[in-house]
Amino acid sequence: MNAPETRAVEDRYARRDRNADAQRYSLYANVAALQAQQERLRAMAALWRAHGWSSLADRPLLEVGCGSGGNLLDLLRLGATPGQLTGIELLPERATAARATLPEAVRIVQGDACAAPIADASQQAVLAFTVFSSLLDPDYRQQFARTLWRWVAPGGGVLVYDFVVNNPHNADVRKLPPGELQALFPGARLHALRLTLAPPVARRLPACLIGPASSLLFPLRTHRLTWAVKPL
């Protein structure tokens with residue numbers, strides 16, 4: 001049975017306008033979303049290359065909150081091995097979409113991540129993209145972080161992409177500041193990059209100006225990509 005906080009997450013997503021979300025996050029229709037995805041992908045690859053990984057092939061990689069599978073597709077494009085990829089998704093319809101989109105060899109688990117059958121120290125990287133900000137209960141955030149940390153093998157890490165500012169128009173998310181992230185993973189070495197021009201600003205700009213504006217308007221970057229490394 002799902003924990004109270006996961007049931008609350010399900011309720012929050014049920015209230016959302018799915019058509020509006022489809023437009024807001026469409027890489028085809030929304031140039032701001034495409035810019036953010038490409039920037040995040042370049043940063044992710046840079047962090048892992050700096051970590052000493054020359055390739056993602058044959059590395060066990062897992063994403064919590066994989067949605068319909070977009071980030072897992074990105075990992076495949078970066079060279080990850082399908083049979084070494086796992087996605088966990090709470091919402092059944094999104095897990096079904098991921099299963100339909102991804103190669104059969106990619107494992108998809110539907111349900112609460114804290115109850116997922118993942119072996120300790122079995123993953124070289126665990127991704128959590130805009131997941132912590134959706135967990136409003138502090139105790140469940142801590143439980144969730146402990147679960148992800150157990151799954152990571154020494155020398156691997158948790159890759160977190162999330163808000164560092166609150167959204168005044170969305171009370172269903174809460175920022176994840178760097179200090180709290182360090183407290184959630186107290187033994188980790190953190191390597192972080194500030195990313196993503198505030199979407200309301202980016203959506204008003206021509207495609208050719210989003211990248212330069214993001215560079216010039218650093219305080220308006222709303223997210224941080226953090227590689228939390230587990231010591232050997």
Go through (1) modelled with pLDDT of 95 or more; (2) farther than 24 Å from Ile210 by Cα one by one and return the number of the condition Glu5 breaks. (1)
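Report, by residue number, each residue of region 150-173 that is closer than 17 Å to His51 by Cβ and aromatic (Phe, Trp, Tyr). Give the steps one after another, and end with the answer.
Going through region 150-173, the residues closer than 17 Å to His51 by Cβ turn out to be 152-161.
Once the filter is applied, which keeps residues that are closer than 17 Å to His51 by Cβ and aromatic (Phe, Trp, Tyr), region 150-173 yields only Tyr161.
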Suppose we filter region 3-52 for residues that are open to solvent by less than 40 Å² (accessible area, probe 1.4 Å), under 26 Å from Arg141 (Cα atoms) and touching a residue at least 60 places away in the same chain (Cβ under 8 Å); how many remain? 12
Selected residue [acidic (Asp, Glu) and either at pLDDT 95 or above or touching a Pro at 6+ places or on another chain (Cβ under 9 Å) (or both)] from Asp137, Asp172: Asp137
For residues in region 201-222 being open to solvent by 70 Å² or more (accessible area, probe 1.4 Å) and part of a helix (DSSP H, G or I), which is farthest from Pro177 (Cα to Cα)? Cys208
Within region 119-138, restricting to residues that are part of a loop (DSSP other than H, G, I, E, B) and surrounded by fewer than 20 Cβ atoms within 10 Å (Cβ to Cβ), the one that is nearest to the chain's Cα centre (by Cα) is Thr130
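Let's see how each residue does on (1) within 22 Å of Asp139 (Cβ to Cβ); (2) at pLDDT below 95; (3) touching a Cys at 6+ places or on another chain (Cβ under 6 Å):
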{"residue": "Val158", "(1), (2), (3)": "yes, no, no"}
{"residue": "Leu176", "(1), (2), (3)": "yes, no, no"}
{"residue": "Ala183", "(1), (2), (3)": "yes, no, no"}
{"residue": "Pro199", "(1), (2), (3)": "no, yes, no"}
{"residue": "Arg203", "(1), (2), (3)": "no, yes, no"}
{"residue": "Gly211", "(1), (2), (3)": "no, yes, no"}
{"residue": "Leu217", "(1), (2), (3)": "no, yes, no"}
{"residue": "Arg224", "(1), (2), (3)": "no, no, no"}
Restricting to region 148-174, name every residue that is acidic (Asp, Glu) and assigned to a strand (DSSP E or B). Asp162
If you check Gly69 against the conditions, is it closer than 25 Å to Arg18 by Cα and either open to solvent by less than 10 Å² (accessible area, probe 1.4 Å) or touching a Pro at 6+ places or on another chain (Cβ under 6 Å) (or both)? yes
Testing Arg77 on (1) crowded, with 19+ Cβ neighbours inside 10 Å; (2) of a type in the set (D, E, K, R); (3) closer than 28 Å to Pro212 by Cβ, one condition comes back false. Which one is that? (1)
Members of region 148-179 found to be charged (D, E, K, R) and open to solvent by less than 50 Å² (accessible area, probe 1.4 Å), listed by number: Asp162, Asp172
Only one of Ala183, Ala192, Ala145 that is outside any loop (DSSP other than H, G, I, E, B), in contact (Cβ under 8 Å) with a residue 40 or more places away in the chain and either open to solvent by 70 Å² or more (accessible area, probe 1.4 Å) or within 30 Å of Pro60 (Cα to Cα) (or both): Ala145
I'd like the full set of residues that are among the aliphatic types (A, V, I, L, M), exposed (fewer than 15 other Cβ atoms within 10 Å of the Cβ) and in a helix (DSSP H, G or I), limited to region 94-109. Ala100
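The values are calculated or read from the model by the stated rules, or taken from the named source; none is laboratory data. These numbers were taken from a predicted model, which means no experiment stands behind them. Ideal geometry is used to build each Cβ from the backbone, glycine not excepted, and the neighbour counts take in all protein chains shown. Please note that ligands, DNA and RNA were not included when accessible areas were found on the heavy atoms of the full protein model with its side chains. Shrake-Rupley method; radii C 1.70, N 1.55, O 1.52, S 1.80 Å.
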